[in-house]
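I have placed the structure first, in the form of structure tokens, so that the comments after it can refer back to it.
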Amino acid sequence: SEFTGTFSLVFFGCGSIILSEISNLKSEYIPFIFGCTIAIFIYIFGKYSGAHFNPAVTFGFFVNKEISLRDGFLYITVQILGAVGASFTHSLIFENPHSFGTTLLKVEFLTGLFAEVFFTGLLMLTILLVTRNKNRIYGVAIGSTVTLAALFIGDLTGASLNPARSLGPILMSGNFENLLFYLVIPSIGCVITAYLFRIFSEI
């Protein structure tokens with residue numbers, strides 16, 4: 001579930017970025033493709049793995065004591081494999097020069113840090129709140145949060161929110177300039193939110 005969900009996120013989401021670069025797909029569609037992909041695969045795989053599809057989210061659940069260290073390590077491993085596999089598939093499908101959907105830091109470090117931490121924290125908060133009770137809106141709510149982030153900060157940081165989503169394209173494109181930023185900063189947002197959520201839940 002985690003492999004397929006993360007593979008699909010990168011395949012369709014980053015694939016839409018590639019298509020906007022090499023064909024006539026409008027870039028305005030990209031945030032909605034990311035959000036819709038997340039929503040669809042959350043509904044498909046949520047009951048099997050919790051549908052993290054994101055190492056930062058898995059870190060958050062570990063901080064919130066909802067996943068063991070062993071399972072967290074396995075989740076993150078297959079998430080990364082899924083992302084890299086999707087980007088590798090892009091290399092087989094698209095021959096024209098393109099960026100593989102690589103996330104780029106186009107603003108000052110502190111601005112990018114705040115943007116990624118804030119929206120990744122918002123994503124984690126949404127996940128923690130909407131998955132507490134049985135309902136049918138959790139996929140739409142989480143997917144909409146991803147879309148909102150992409151609309152607001154897509155031009156600033158690429159709206160990664162997800163180390164695996166960034167790692168796959170970075171490895172295939174060979175552009176390692178911002179690798180550490182995208183591996184660490186989104187996870188900080190999820191960890192802070194999960195830690196605060198656990199503290200306030202215990203009050």
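The values are calculated or read from the model by the stated rules, or taken from the named source; none is laboratory data. What you see is a predicted model; the values in this text were computed from it and never measured. Here Cβ is always computed from backbone atoms with ideal geometry, including for glycine, and neighbour counts include all displayed protein chains. Ligands, DNA and RNA are excluded from the accessible area calculation, which covers all protein heavy atoms including side chains. Shrake-Rupley method; radii C 1.70, N 1.55, O 1.52, S 1.80 Å.
What is the residue count in segment 58-73 for residues that are open to solvent by less than 80 Å² (accessible area, probe 1.4 Å), free of Cβ contacts under 8 Å to residues at least 24 places away in the same chain and not small (G, A, S)?
Qualifying residue count, segment 58-73: 3.
Would you be able to tell me the number of residues in segment 152-175 that are open to solvent by less than 60 Å² (accessible area, probe 1.4 Å) and of a type in the set (D, E, K, R)?
Of the residues in that region, 1 qualify.
Scan segment 99-114 for residues that are surrounded by fewer than 22 Cβ atoms within 10 Å (Cβ to Cβ) and either in contact (Cβ under 8 Å) with a residue 12 or more places away in the chain or touching an Asp or Glu at 6+ places or on another chain (Cβ under 6 Å) (or both) and jot them down.
Of everything in segment 99-114, those that are surrounded by fewer than 22 Cβ atoms within 10 Å (Cβ to Cβ) and either in contact (Cβ under 8 Å) with a residue 12 or more places away in the chain or touching an Asp or Glu at 6+ places or on another chain (Cβ under 6 Å) (or both) turn out to be S99, L104, L105, K106, V107, F109, T111, L113.
In segment 176-189, how many residues are open to solvent by less than 60 Å² (accessible area, probe 1.4 Å), more than 11 Å from the chain's Cα centre (by Cα) and touching a residue at least 40 places away in the same chain (Cβ under 8 Å)?
Within segment 176-189, residues that are open to solvent by less than 60 Å² (accessible area, probe 1.4 Å), more than 11 Å from the chain's Cα centre (by Cα) and touching a residue at least 40 places away in the same chain (Cβ under 8 Å) number 4.
For a quick check of your reading: which helices (runs of 4 or more DSSP H) sit entirely within segment 1-97 and have at least 2 residues that are aromatic (F, W, Y), modelled with pLDDT of 95 or more and under 20 Å from T157 (Cβ atoms)?
In segment 1-97, the matching helices (runs of 4 or more DSSP H) lie at 30-49.
Among the numbered criteria (1) touching a residue at least 24 places away in the same chain (Cβ under 8 Å); (2) in contact with a helix residue (DSSP H, G or I) (Cβ under 7 Å, 6 or more places away or on another chain), which single criterion is violated by S173?
Single failed check for S173: (2).
So that you can scan it fast, the table gives a plain yes or no per residue for (1) without any contact (Cβ under 8 Å) to a residue 40 or more places away in the chain; (2) within 16 Å of V146 (Cα to Cα); (3) open to solvent by less than 20 Å² (accessible area, probe 1.4 Å); (4) not aliphatic (A, V, I, L, M):
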| position | (1), (2), (3), (4) |
| --- | --- |
| T6 | no, yes, yes, yes |
| G13 | no, yes, yes, yes |
| F32 | no, yes, no, yes |
| F41 | yes, yes, no, yes |
| A56 | no, yes, yes, no |
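Looking only at segment 190-199, filter to residues that are in contact (Cβ under 8 Å) with a residue 40 or more places away in the chain and of a type outside the set (K, R); which one of those is surrounded by the fewest Cβ atoms within 10 Å (Cβ to Cβ)?
Y195
So which residues in segment 115-142 are under 19 Å from F45 (Cβ atoms), open to solvent by less than 50 Å² (accessible area, probe 1.4 Å) and in contact with a Ser or Thr (Cβ under 8 Å, 6 or more places away or on another chain), if there are any at all?
L123, M124, T126, L128, A141, I142
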